[in-house]
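One structure is given below, encoded as structure tokens.
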Amino acid sequence: MPVGPVEQKKLNYQELRIYSDAELHNYTEEELKSFKVKHATPICDDYEKGPWPSFISDAKRAALHRHKLPKEKLMLSPDVIDDFLGQLELSYKEGEGHWKHGGIVGVFGYGGGVIGRYSDLQQEFPGIAHFHTVRVNQPGSKFYDTDFLRTICDLWEFRGSGLMNLHGSTGDLVLLGTTTDQLEPIFYELTHSMEQDLGGSGSNLRSPSCCIGRARCEWACYDTQDLCYQLTMNYQDELHRPAFPYKFKFKFDGCPTGCVASIARSDMSYIGTWRDNIRIDQKAVLAYVNNEIPRNGGALTGRDWGKFDIQKEIINLCPTECMFFDGKTLSINDKECNRCMHCIHAMPRALRPGVDTGLSVLFGAKAPILEGAQMATLTVPFMKIESPYDNVKELVEKVWEYWMEEGKNRERLGEMIQRIGIPTFIEAIGIRAIPQIVKEPRSNPYIFWKEEEVPGGWSRTIEEYRSRHKR
Amino acid sequence: MATTADLKKIILEFAESYKKSKFYFNDMVHEVQKTVPDAKQRDIKKASTELVNEGVLIFFSTGSTTMYGLKGRGITNDE
């Protein structure tokens with residue numbers, strides 16, 4: 001069942017806030033300069049000297065702020081950040097980590113969303129003896145308002161360490177450091193007051209993540225937010241109750257620009273595309289050529305980039321050499337276009353994606369734990385989609401069914417495809433091999449035909465062959 | 001066709017007798033399917049979820065992988 005548009009609950013920070021303005025602004029910059037955390041941290045301090053913003057500086061700020069909050073408004077020790085920095089310093093010094101990884105912590109009914117972390121130096125650093133991570137499923141395209149952010153910051157300062165990571169690589173808001181007894185109250189507040197769910201962790205479907213899509217981008221070839229939301233809601237069981245061989249990630253890019261890098265970061269990558277031709281406004285092309293419209297939406301201005309040269313910057317850089325400009329007219333051999341998006345990025349008013357849009361599906365990207373990092377493989381070059389996305393769900397379920405059956409424990413989808421081979425995989429999910437799937441034509445001389453693939457089939461048997469060719 | 005109660009019983013026997021205190025979902029599925037060959041993964045998942053909700057089984061997660069275990073066997077307390 002498709003989930004209809006659901007109006008996001010409008011939070012009112014004034015009703016939900018825990019801290020007063022005075023408590024939130026409880027230290028001065030002068031105090032910060034003379035503030036020292038509980039432990040000596042010379043190596044950490046060194047990280048503050050570079051040109052970039054430092055998380056050490058942020059942590060010290062948060063530590064001072066925490067020390068000055070009223071004790072009755074902190075459910076964890078005021079020293080939690082001091083101890084965090086103390087252990088970090090020790091790890092830098094020794095070249096060894098001191099986090100114990102994993103455990104049985106979680107919230108009732110969920111097998112994901114909370115990751116157990118414990119210090120193995122609990123005597124020295126009691127504030128972080130328990131330092132669990134909570135993953136919160138981010139809203140589509142990470143649209144927040146300040147009421148939401150302030151409410152979650154207050155909640156985390158009250159029931160956690162106050163340290164956050166916005167966002168983790170899966171996309172979630174990552175709340176770093178709380179104790180086991182705070183998990184259920186945090187979950188209650190998130191779900192009941194903020195209508196916000198936990199994200200995925202462990203052998204689950206991870207929190208699906210999408211680009212900004214049609215909310216702001218003219219290139220989006222499908223509604224990334226809607227597809228992301230529909231699949232998130234449809235697969236709640238897979239998100240919260242682990243039964244996969246390992247993690248599984250969906251990511252949704254509205255066009256081949258790939259703003260969420262789904263091709264590199266997800267087991268099942270959805271990339272918007274078109275199957276007709278790139279739309280060309282020849283007048284606008286000439287306006288770019290005559291430098292009447294700045295290239296790249298004005299991004300290449302302010303320095304000596306020189307005049308726009310369509311031959312050098314567009315035609316010669318086309319990876320498939322499918323473009324031609326005769327001085328008046330730009331032509332594109334669209335059959336050869338591999339959707340690199342360079343020309344569209346450079347001349348957005350002259351070139352636009354086609355109008356017959358849909359998406360491509362790619363499988364198997366992963367980070368380099370085993371066999372090195374792997375990009376996803378194009379498997380479905382084009383799929384027309386519309387809500388309720390039944391064709392997408394059908395494909396998802398075929399893939400899961402096969403992977404759950406054939407995948408080994410802790411084997412990502414991409415590793416399984418590598419092990420069994422792409423022909424076996426596409427056969428299992430009911431897709432015919434097509435030229436776009438072939439990565440390197442003629443690199444493998446062995447083609448094994450099946451009888452049903454050959455018109456007329458064949459009548460010979462292996463026994464008959466062996467009668468003439470002994471082993 | 002095995003009922004959820006039958007599946008829960010097989011899962012419990014497996015969890016009690018498995019050589020390790022924690023096991024993967026797939027290990028549990030293969031064990032159940034030895035006894036009930038037509039048992040579907042989804043039904044096994046439903047049965048194991050019920051056992052988790054009843055506090056008999058527990059999830060053990062490293063953050064990247066999740067395993068199941070029998071409460072009371074091996075590490076099952078917050079430490």
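Summary table
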quantity: Selection status of A:S141, among the polar types (S, T, N, Q) and touching a helix residue (DSSP H, G or I) at 6+ places or on another chain (Cβ under 7 Å); calculated: yes
quantity: Search result, residues across region A:59-79 that are without any contact (Cβ under 8 Å) to a residue 60 or more places away in the chain and in a helix (DSSP H, G or I); calculated: A:K60, A:R61, A:A63, A:L64, A:H67, A:K71, A:E72
quantity: Given (1) loosely packed, with under 14 Cβ neighbours inside 10 Å; (2) touching a helix residue (DSSP H, G or I) at 6+ places or on another chain (Cβ under 8 Å), index of the condition A:G50 fails; calculated: (2)
quantity: Some residue of region A:446-459 being β-branched (V, I, T) and touching a residue at least 12 places away in the same chain (Cβ under 8 Å); calculated: no
quantity: Residue in region A:201-208 that is open to solvent by less than 10 Å² (accessible area, probe 1.4 Å), touching a Cys at 6+ places or on another chain (Cβ under 7 Å) and assigned to a loop (DSSP other than H, G, I, E, B) present; calculated: yes
quantity: Residues being aromatic (F, W, Y), within 11 Å of another protein chain (Cβ to nearest Cβ) and assigned to a helix (DSSP H, G or I) - total across region B:1-58; calculated: 1
quantity: Any hit, region A:69-83, residues being crowded, with 22+ Cβ neighbours inside 10 Å, aliphatic (A, V, I, L, M), at pLDDT 95 or above and within 30 Å of the chain's Cα centre (by Cα); calculated: yes
quantity: Which listed residue is touching a residue at least 24 places away in the same chain (Cβ under 8 Å), in contact with a strand residue (DSSP E or B) (Cβ under 9 Å, 6 or more places away or on another chain) and crowded, with 18+ Cβ neighbours inside 10 Å, from B:F14, B:F23, B:F59; calculated: B:F23
quantity: Test: A:E440 is open to solvent by 30 Å² or more (accessible area, probe 1.4 Å), without any contact (Cβ under 8 Å) to a residue 40 or more places away in the chain and closer than 30 Å to B:A39 by Cα; calculated: no
quantity: Tally of residues being touching a Gly at 6+ places or on another chain (Cβ under 7 Å) and more than 14 Å from chain B (Cβ to nearest Cβ) across region A:366-413; calculated: 8
quantity: Any helices (runs of 4 or more DSSP H) falling wholly within region A:386-430 and containing at least 2 residues that are over 21 Å from A:Y235 (Cα atoms); calculated: A:413-420, A:422-428
quantity: So A:C318, is it closer than 20 Å to A:K251 by Cβ and out of contact with any strand residue (DSSP E or B) (no Cβ under 7 Å at 6 or more places or on another chain); calculated: no
quantity: Hits in region A:134-156 - residues which are among the β-branched types (V, I, T) and surrounded by 22 or more Cβ atoms within 10 Å (Cβ to Cβ); calculated: A:V134, A:V136, A:T151, A:I152
quantity: Among (1) more than 14 Å from chain B (Cβ to nearest Cβ); (2) under 18 Å from A:Q196 (Cβ atoms); (3) crowded, with 24+ Cβ neighbours inside 10 Å, the one test that A:M233 misses; calculated: (3)
quantity: Test result for A:D253, under 13 Å from the mean Cα position of the chain (by Cα) and either within 14 Å of chain B (Cβ to nearest Cβ) or open to solvent by less than 50 Å² (accessible area, probe 1.4 Å) (or both); calculated: yes
quantity: Residues of region A:176-200 that turn out to be in contact (Cβ under 8 Å) with a residue 12 or more places away in the chain, away from chain B (no Cβ under 14 Å) and not in a loop (DSSP other than H, G, I, E, B), as a count; calculated: 6
quantity: Region A:416-436: number of residues that are open to solvent by less than 20 Å² (accessible area, probe 1.4 Å) and either aromatic (F, W, Y) or in contact with a strand residue (DSSP E or B) (Cβ under 7 Å, 6 or more places away or on another chain) (or both); calculated: 3
quantity: Unmet criterion (only one of (1) open to solvent by less than 80 Å² (accessible area, probe 1.4 Å); (2) assigned by TED's automatic domain parsing to the domain that holds A:K366; (3) more than 26 Å from the chain's Cα centre (by Cα)) for A:R466; calculated: (2)
quantity: Residues of region A:95-141 classified as within 10 Å of A:S201 (Cβ to Cβ) and either more than 8 Å from every other protein chain (Cβ to nearest Cβ) or in a strand (DSSP E or B) (or both), total; calculated: 7
quantity: Residue within region A:38-47 that is in the same structural domain as A:T179 (by TED's automatic domain parsing), at pLDDT below 95 and assigned to a loop (DSSP other than H, G, I, E, B) present; calculated: yes
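The values are calculated or read from the model by the stated rules, or taken from the named source; none is laboratory data. If you're wondering where the values come from, they're calculated on a predicted model, not measured in any experiment. Ideal geometry is used to build each Cβ from the backbone, glycine not excepted, and the neighbour counts take in all protein chains shown. Areas reflect the complete protein model, heavy atoms only, side chains present, ligands, DNA and RNA absent. Shrake-Rupley method; radii C 1.70, N 1.55, O 1.52, S 1.80 Å.
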